[in-house]
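Below is a structure I'd like to ask you about.
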Amino acid sequence: MQNRPSLPLYKVFLLAILMAAVAMVFLLPETALAEDEEEKSYNELVIDDLMYYKYSFEQGNIDVGTLLDHLQDALDKLNKSDIRDDMREDIRQVVRMVAANMAEIPAGSIHVRTTKTKLIISLSEKTLPEHYRNVILKAEKLYDRLAEIGLNDMVQLLQESRPTDVIGLTVPEGYSRDSVQVILPSINANDFEGLEGYSLLVKSNEVTFKVPLKILRSKEGGGSLNFTYKTVEPAPLSIPGPNALKSAVYDIDIYWLRPDGSRVDKQTSQVMLTLPYRQGEVSDPAYLGVFTYNEARSDWNIVQGDFSSPGRVEIPLVNPGKYAVLEYKKTFVDIAGHWAEKDIVYMASKQIVQGLLDDLFLPDNPTTRAQFAAMVLRTFGRPEAAPEKPTFVDVTPGSQYFGAIEGAYRAGLVAGIDQTHFAPGLNITREEMAAMIARGLGAEYKAAVDLSGALEKLKGFKDYGDLSPWARESMALCYQLGIIKGTPEGAILPKAYTSRAEATVMLRRVLNILEAGKSTL
């Protein structure tokens, strides 16, 4: 084998110099960087770490609770005597992020899955208690640390941003499904401390559900509150008028699911539902209402709604069903030009009073006890009832006013003429009406007026002696509030019968008082 000639000595020397130069090119930056790192102060390194976690939060890699942990850790580590203004500004950025997100359940705590037709969102039974402990309570522990380094403005921001009654859950967008289902598990009583006054606000780009957490509290655990919503085509539904519909039609199901998988349709009226409506299309806001569709009768029934927020209305979600906002005006052929026409149209549109036939109101006919019981029940927004055993022998299941009379009796609005009879077909007197109205107004309104003074005023009417002793306080209350008035001849007419128009006008005055929240008109 032939030996290779060795490199000349000078070439070896040149190669060594070249390799040394290359090494300097690659090693010098690292050395310089290391020297720069060594020159950074302790506080700068702490802030650098904090800003790294801020970046991780912005990228969605950590949640607000974890960011809070790192903020708290940084505030503990900082040398309080060597904090510059630029460091304080960095801390402010992180606190602002915490403040903006502390009232919202992080997306990472929400389990989302899909089927062919449904987006399903669920929480674990620990999600809400852990959010309360790991975010809301932890944020309070920062107050003193922030104040120590001169960030009182951030203490105020956290205090103002702290959720005191509502925790939010936002339905994620970007899913193309027919409906959305939300599953909220029961919360074990042992984990419930601090959550007593809170509600969960489930928000989508359409409907909103406000669920008081107290209804999820359970000693045994297990079970869940489920609600599903979707929009449906209004075409198959009997909309009352071509331009009545002012919102989408929402099909909403709500129920409790037992641990064994069985469904329970128990009372859910503490859940509040908020619907959007097309405010720009409304011609007369006085006739707006939230209605639910009655499948059996193919018509719409009004439900109590709060229209105080422009473009949105809130209602208690009592039952599952189809809901929509309608601008509905009901009139009758026999009230045109009648002195009570305006009040009859308004009260009929709110479904508080009804015609005796579809197009006939018969305003001058006397009002029966059954008719007024139904009117007063709806005025005060109380539900009908259908007990298995009737309260009165003359109001039996199947009678036209059975549900209304039973509901009014259970609400404490009406009484029988004796223990077993209601006399539904008898014409109602003015003093009987006053008694029913006074029961509905209750102690709050009695306390707000000068009853003794009102009673003295009643004594000035020439027929005061006709007023039954049991009706005196009720008549005094209704007279003082302007619900019942005397005649120009100086009579109060306690035993007189009342026409359907007069009864409607009186209850419109009651409704005005209730809606205004005042004791007087």
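The values are calculated or read from the model by the stated rules, or taken from the named source; none is laboratory data. The shown structure was predicted, so the numbers you read here are calculated from the model rather than taken from an experiment. Here Cβ is always computed from backbone atoms with ideal geometry, including for glycine, and neighbour counts include all displayed protein chains. Side chains included, ligands, DNA and RNA excluded: accessible areas come from the protein's heavy atoms. Shrake-Rupley method; radii C 1.70, N 1.55, O 1.52, S 1.80 Å.
Can you say whether Arg278 is open to solvent by 50 Å² or more (accessible area, probe 1.4 Å), modelled with pLDDT of 95 or more and among the charged types (D, E, K, R), as far as the supplied structure shows? Lay out the reasoning, then the answer.
Numbers: open to solvent by 50 Å² or more (accessible area, probe 1.4 Å): yes; modelled with pLDDT of 95 or more: yes; among the charged types (D, E, K, R): yes.
Answer is yes for this residue.
Continuing with this model, one more query. Only one of (1) in a loop (DSSP other than H, G, I, E, B); (2) open to solvent by 60 Å² or more (accessible area, probe 1.4 Å) fails for Ile62. Which number is that?
Looking at each condition in turn, Ile62 falls short on (2).
When the residues of region 444-463 are filtered to those that are among the basic types (Lys, Arg) and either within 30 Å of Glu388 (Cβ to Cβ) or surrounded by 15 or more Cβ atoms within 10 Å (Cβ to Cβ) (or both), which remaining residue is modelled with the highest pLDDT? Step through it out loud before you land on a result.
Of region 444-463, the ones among the basic types (Lys, Arg) are 446, 457, 459, 462.
Okay, now just the ones that are also either within 30 Å of Glu388 (Cβ to Cβ) or surrounded by 15 or more Cβ atoms within 10 Å (Cβ to Cβ) (or both), so 446, 457.
Working: Lys446: 88, Lys457: 93.
Among those residues, the one meeting the criterion is Lys457.
OK, next. Counting only residues that are surrounded by fewer than 16 Cβ atoms within 10 Å (Cβ to Cβ) and within 15 Å of Ile483 (Cβ to Cβ), how many does region 417-443 have? Can you show your working first?
First, pick out the residues of region 417-443 that are surrounded by fewer than 16 Cβ atoms within 10 Å (Cβ to Cβ): 417-421, 425-426, 442-443.
Of the ones still in play, those that are also within 15 Å of Ile483 (Cβ to Cβ) are 442.
Within region 417-443, residues that are surrounded by fewer than 16 Cβ atoms within 10 Å (Cβ to Cβ) and within 15 Å of Ile483 (Cβ to Cβ) number 1.
Rundown of residues vs (1) at pLDDT 60 or above; (2) within 23 Å of Tyr143 (Cα to Cα); (3) open to solvent by 50 Å² or more (accessible area, probe 1.4 Å), yes/no style:
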| position | (1), (2), (3) |
| --- | --- |
| Met1 | no, no, yes |
| Arg4 | no, no, yes |
| Thr31 | no, no, yes |
| Glu35 | no, no, yes |
| Glu38 | no, no, yes |
| Ser41 | yes, no, no |
| Met51 | yes, yes, no |
| Ala103 | yes, yes, no |
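Then there is this: From (1) in contact with a Gly (Cβ under 8 Å, 6 or more places away or on another chain); (2) modelled with pLDDT under 95; (3) not β-branched (Val, Ile, Thr), pick out the condition that doesn't hold for Pro387.
(1)
Which one of these does Ser247 not meet: (1) over 26 Å from Phe307 (Cβ atoms); (2) part of a loop (DSSP other than H, G, I, E, B)?
With respect to (1) over 26 Å from Phe307 (Cβ atoms); (2) part of a loop (DSSP other than H, G, I, E, B), Ser247 is out only on (1).
When the residues of region 158-181 are filtered to those that are free of Cβ contacts under 8 Å to residues at least 40 places away in the same chain and in a loop (DSSP other than H, G, I, E, B), which remaining residue is surrounded by the most Cβ atoms within 10 Å (Cβ to Cβ)?
Asp165
If you don't mind, there's one more thing I want to ask. Can you tell me which residues in region 229-251 are over 26 Å from the mean Cα position of the chain (by Cα) and either open to solvent by less than 40 Å² (accessible area, probe 1.4 Å) or at positive phi (or both)?
Selection gives Leu237, Gly241.
Residues are listed down the side, and each one gets a yes or a no for (1) more than 27 Å from Glu160 (Cβ to Cβ); (2) open to solvent by less than 60 Å² (accessible area, probe 1.4 Å); (3) of a type in the set (Lys, Arg); (4) touching a strand residue (DSSP E or B) at 6+ places or on another chain (Cβ under 8 Å):
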position	(1), (2), (3), (4)
Ser56	no, yes, no, no
Asp69	no, no, no, no
Met97	no, yes, no, no
Ala100	no, no, no, no
Ser124	yes, no, no, yes
Leu128	no, yes, no, yes
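Additional query: Restricting attention to region 72-113, which residues are aliphatic (A, V, I, L, M), over 26 Å from the mean Cα position of the chain (by Cα) and in a loop (DSSP other than H, G, I, E, B)? Give the derivation first.
Here is the first cut: in region 72-113, the residues aliphatic (A, V, I, L, M) are 74-75, 78, 83, 87, 91, 94-95, 97-100, 102-103, 105, 107, 110, 112.
If we keep only those that are over 26 Å from the mean Cα position of the chain (by Cα) too, we end up with 74-75, 78, 83, 87, 91, 94-95, 97.
Hits for region 72-113 are Leu78, Ile83.
Taking region 324-361 as the region of interest, how many residues are open to solvent by 40 Å² or more (accessible area, probe 1.4 Å) and among the small types (Gly, Ala, Ser)?
Residues that pass the stated criteria total 2.
Let me ask something else about it. Consider Val155 carefully, then state whether it is in contact (Cβ under 8 Å) with a residue 40 or more places away in the chain, surrounded by 15 or more Cβ atoms within 10 Å (Cβ to Cβ), of a type in the set (Val, Ile, Thr) and assigned to a helix (DSSP H, G or I).
It is false that Val155 is in contact (Cβ under 8 Å) with a residue 40 or more places away in the chain, surrounded by 15 or more Cβ atoms within 10 Å (Cβ to Cβ), of a type in the set (Val, Ile, Thr) and assigned to a helix (DSSP H, G or I).
I've got another one for you. Looking at Ile254, is it hydrophobic (A, V, I, L, M, F, W, C), modelled with pLDDT under 95, buried (at least 17 other Cβ atoms within 10 Å of the Cβ) and not in a strand (DSSP E or B)?
no
Name, by its number, the condition in (1) within 40 Å of the chain's Cα centre (by Cα); (2) free of Cβ contacts under 8 Å to residues at least 40 places away in the same chain; (3) on the phi < 0 side of the Ramachandran plot that does not hold for Gly482.
Exception for Gly482: condition (3).
Residues of region 204-240 being in a strand (DSSP E or B), free of Cβ contacts under 8 Å to residues at least 40 places away in the same chain and not β-branched (Val, Ile, Thr), which ones?
Of the residues in region 204-240, the ones in a strand (DSSP E or B) are 208-212, 217-218, 224-232.
Add one more test, that the residue is free of Cβ contacts under 8 Å to residues at least 40 places away in the same chain, and what stays is 217-218, 231.
Within region 204-240, Arg217, Ser218 meet the criteria.
So which residues in region 415-465 are among the polar types (S, T, N, Q) and touching a residue at least 60 places away in the same chain (Cβ under 8 Å), if there are any at all?
Here is the first cut: in region 415-465, the ones among the polar types (S, T, N, Q) are 419-420, 427, 429, 452.
If the condition is that a residue be among the polar types (S, T, N, Q) and touching a residue at least 60 places away in the same chain (Cβ under 8 Å), then Asn427, Thr429 are the ones that fit.
With among the aliphatic types (A, V, I, L, M), touching a helix residue (DSSP H, G or I) at 6+ places or on another chain (Cβ under 8 Å) and buried (at least 17 other Cβ atoms within 10 Å of the Cβ) as the only criterion, which of Leu213, Leu201 stands out?
Going through Leu213, Leu201 in turn, the sole match is Leu213.
Kindly list the number of the only condition in (1) under 26 Å from the mean Cα position of the chain (by Cα); (2) modelled with pLDDT of 95 or more that fails for Val303.
That leaves (2) as the condition not met.
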